[in-house]
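Have a look at the structure below before the remarks.
The values are calculated or read from the model by the stated rules, or taken from the named source; none is laboratory data. Keep in mind that what you see is a predicted model, and the values were worked out from it rather than measured. Glycine gets a Cβ as well: all are built from the backbone with ideal geometry, and neighbour counts include every protein chain shown.
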Amino acid sequence: MRESIEFVEGSLFEMSSLYVLGGRQRKSLFKNEEEQRLYEAAIILLLDTSAGTARVVFEYKTPPAARASDESSHSFKSASLIGNTLYTCTSTEILIFEVPAFKRTGYISLPCFNDLHHVTPTPEGNLLVTNTGLDMVLLLTPDGRVLAEWDVLGSEPWSRFSRSVDYRRVDSTKPHLSHPNGVFQLGEEVWVTRLTQKDAICLTSPGKRINIEVQRPHDGLVRGDRIYFTTVDGRVVIADRHSLAIDEIIDLNEIHRTQHQPDVLLGWCRGILPIDERRVWVGFTRVRKTKFTENVLWIKHAFKEKESHTHIALYDIEQKVCLREIPVEDFGMNVIFGIYPAAL
């Protein structure tokens, strides 16, 4: 499978145009509104990193037949960009676009879909998707036929859920026992990150595991010999794809502390785009209170520190400096799930 980007050795290439995927928050909210009702539209920004400006290039709402209620959230989750094909998902749908025109070339919505978090194609042209609400990973054909199902905790698929239920119509299955996020492949092996277990595991060769014990991981992006993970508290964890050992942990909070920003709460860290071996874009979403407080226990002084707005930031992970930050709330984006090089 062709990678969506290549490292450019010794270059000043910074990907001047990026797609940022996420959602726009509703303006009128009840107290302690949960994520499954929080976002009024799924949006994609085209961001000019040189000018620090952006515009919405695509906006979308899940149709009524594929959501629980009129109050259900609409947001794009993590995606994969292969050439000029963008594979993305909402909580209950897989959508495939030809970019930059955003012509839709594929669509799947199955009754078993609940809180999807990531989709990526296989070399054979099938689709791997994290079905987060059911703690599963699915392998699908492009027309939606299920080829394989894995329970990410090692149990028999469907041992905790019912095949007769349309989970697109279920508001939430939280709390999740695992909360799988990013799915990726190492050769023919299928891997997935597990938020609660703080790791990435191989689903096709059980027993193989990458320990990400520092905090709960997102992403799982393979670039060359490296696998890049983000953790919710603002770290980049890099593993070796061959040894499965952690090579480096970069604490982005420490970078900001050394740059005279000691009290900034960076936000929920999710979404990473390496542009070469030393520089990466990382996404941050403003932290909100939630009744599932275990998800934010990593914040020692939650909501007492100065909160950063939803933004992306470019880091030199070799020199340990933040090169620039670009806020996106002024452009209508309140949650970030992924960052990708724009096809223009």
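For region 75-111, name all the residues that are under 17 Å from Leu45 (Cβ atoms) and not β-branched (Val, Ile, Thr).
Ser75, Phe76, Lys77, Ser78, Ala79, Leu81, Leu86, Leu95, Phe97, Pro100, Ala101, Phe102 - these are the residues of region 75-111 that are under 17 Å from Leu45 (Cβ atoms) and not β-branched (Val, Ile, Thr).
Can Phe97 be described as in a loop (DSSP other than H, G, I, E, B), buried (at least 19 other Cβ atoms within 10 Å of the Cβ), under 18 Å from the mean Cα position of the chain (by Cα) and among the hydrophobic types (A, V, I, L, M, F, W, C)?
no
Against the condition surrounded by fewer than 22 Cβ atoms within 10 Å (Cβ to Cβ), modelled with pLDDT under 95 and either out of contact with any Asp or Glu (no Cβ under 7 Å at 6 or more places or on another chain) or not acidic (Asp, Glu) (or both), how does Ser69 come out, does it pass?
yes
Can you find a residue that is over 19 Å from the mean Cα position of the chain (by Cα), closer than 19 Å to Leu116 by Cα and buried (at least 22 other Cβ atoms within 10 Å of the Cβ) anywhere in region 73-85?
No, region 73-85 contains no residue that is over 19 Å from the mean Cα position of the chain (by Cα), closer than 19 Å to Leu116 by Cα and buried (at least 22 other Cβ atoms within 10 Å of the Cβ).
List every residue pair whose Cβ atoms lie under 9 Å apart, where the two residues are 6 or more positions apart in sequence or sit on different chains, the first residue falls within region 89-106 and is more than 13 Å from Thr62 (Cβ to Cβ) and modelled with pLDDT under 95, and the second residue, located anywhere, is assigned to a strand (DSSP E or B) and among the charged types (D, E, K, R).
Hits for this filter: zero, empty list.
What number of residues within region 125-158 satisfy the criterion of being on the phi < 0 side of the Ramachandran plot and either modelled with pLDDT under 95 or of a type in the set (Lys, Arg) (or both)?
4
Would you please name the residue that is nearest to the chain's Cα centre (by Cα), looking only at residues in region 195-215 that are aliphatic (A, V, I, L, M), buried (at least 18 other Cβ atoms within 10 Å of the Cβ) and in a loop (DSSP other than H, G, I, E, B)?
The selected residue is Leu195.
When you go through Leu128, Leu138 one by one, which is the residue that is in a strand (DSSP E or B), without any contact (Cβ under 8 Å) to a residue 60 or more places away in the chain and buried (at least 20 other Cβ atoms within 10 Å of the Cβ)?
Leu138
For region 216-241, how many residues meet the condition of being buried (at least 19 other Cβ atoms within 10 Å of the Cβ) and either among the small types (Gly, Ala, Ser) or assigned to a loop (DSSP other than H, G, I, E, B) (or both)?
6
Each row is one residue, and each column tells you yes or no for (1) modelled with pLDDT of 95 or more; (2) closer than 28 Å to Ile82 by Cβ; (3) more than 19 Å from the chain's Cα centre (by Cα); (4) of a type in the set (A, V, I, L, M).
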{"position": "Gly271", "(1), (2), (3), (4)": "yes, yes, no, no"}
{"position": "Val280", "(1), (2), (3), (4)": "yes, yes, no, yes"}
{"position": "Lys306", "(1), (2), (3), (4)": "no, no, yes, no"}
{"position": "Ala343", "(1), (2), (3), (4)": "no, yes, yes, yes"}
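Looking at region 75-88, which of the residues that are assigned to a strand (DSSP E or B) and in contact with a Lys or Arg (Cβ under 9 Å, 6 or more places away or on another chain) is nearest to Asn334 (Cα to Cα)?
The selected residue is Ser78.
Between Ser72, Ser91, which is hydroxyl-bearing (Ser, Thr, Tyr), more than 13 Å from Phe337 (Cβ to Cβ) and assigned to a loop (DSSP other than H, G, I, E, B)?
Just a single option satisfies the conditions, and that option is Ser72.
Gly187 - would you say it is surrounded by fewer than 19 Cβ atoms within 10 Å (Cβ to Cβ), at positive phi and over 21 Å from the mean Cα position of the chain (by Cα)?
It is true that Gly187 is surrounded by fewer than 19 Cβ atoms within 10 Å (Cβ to Cβ), at positive phi and over 21 Å from the mean Cα position of the chain (by Cα).
Pick from region 244-258 the residues that are over 13 Å from Thr230 (Cα atoms) and not β-branched (Val, Ile, Thr): which of them is surrounded by the fewest Cβ atoms within 10 Å (Cβ to Cβ)?
Among those residues, the one meeting the criterion is Ala245.
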